[in-house]
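Take a look at the structure set out below.
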Amino acid sequence: MKKSSFIALLMGTISGVLFSLGMCMALLPEWNAFMEGVIIGGIGLIFGLITLAVWFKMENKKLPALNGKNLAKILYAILAVLVLGVGMCLCLVWEKIIFGTLVGLLGIVMLILLIPIMKGIK
């Protein structure tokens, strides 16, 4: 494993844990820690962006241009994650198991389709 990949793995794990813990704190009323959760989640998100910048720097790569094509890919990825999340909510929160499973599977297929969208088919 390359040094840059290991550093990115560690920093990404830390940022993911901070973000998810913050979201749990903010969204679980039993914890009664909404504001603290938003702050910790925001720190995790910022740390994730720093991780991305550090990885690009260690790999001697430049950040991708923010043009229409890349913006469309980003919006598609966000939509795919939201569809998967809605499917999970349908199953776990509203107990609509069959419909939630179908929506969740659609989200998974959309996420899998990100691979050919990002890398292309050769």
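The values are calculated or read from the model by the stated rules, or taken from the named source; none is laboratory data. Bear in mind that the values here come from a model prediction, so they are computed numbers and not experimental data. Here Cβ is always computed from backbone atoms with ideal geometry, including for glycine, and neighbour counts include all displayed protein chains.
Results, tabulated for the structure shown:
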read-out: Some residue of the range 93-106 being farther than 22 Å from Ser15 by Cβ and of a type in the set (Lys, Arg); value: yes
read-out: Residue within the range 61-71 that is within 24 Å of Ala8 (Cα to Cα), surrounded by 14 or more Cβ atoms within 10 Å (Cβ to Cβ) and not charged (D, E, K, R) present; value: no
read-out: Filtered residues of the range 1-41 (kept if small (Gly, Ala, Ser) and surrounded by 14 or more Cβ atoms within 10 Å (Cβ to Cβ)); value: Ser4, Ala8, Gly12, Ser15, Gly16, Gly22, Ala26, Ala33, Gly37, Gly41
read-out: Test set (1) among the charged types (D, E, K, R); (2) at pLDDT 95 or above; (3) farther than 24 Å from Val93 by Cβ - Lys3 fails condition number; value: (2)
read-out: Residue among Phe47, Phe56 that is surrounded by 14 or more Cβ atoms within 10 Å (Cβ to Cβ), outside the structural domain of Leu111 (by TED's automatic domain parsing), under 21 Å from Met118 (Cβ atoms) and touching a Leu at 6+ places or on another chain (Cβ under 8 Å); value: Phe56
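Condition check ((1) at pLDDT 95 or above; (2) surrounded by 12 or more Cβ atoms within 10 Å (Cβ to Cβ); (3) in contact with a strand residue (DSSP E or B) (Cβ under 8 Å, 6 or more places away or on another chain)) across all residues:
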| site | (1), (2), (3) |
| --- | --- |
| Val83 | yes, yes, no |
| Cys89 | no, yes, no |
| Lys96 | no, yes, no |
| Gly107 | yes, yes, no |
| Ile112 | yes, no, no |
| Met118 | no, no, no |
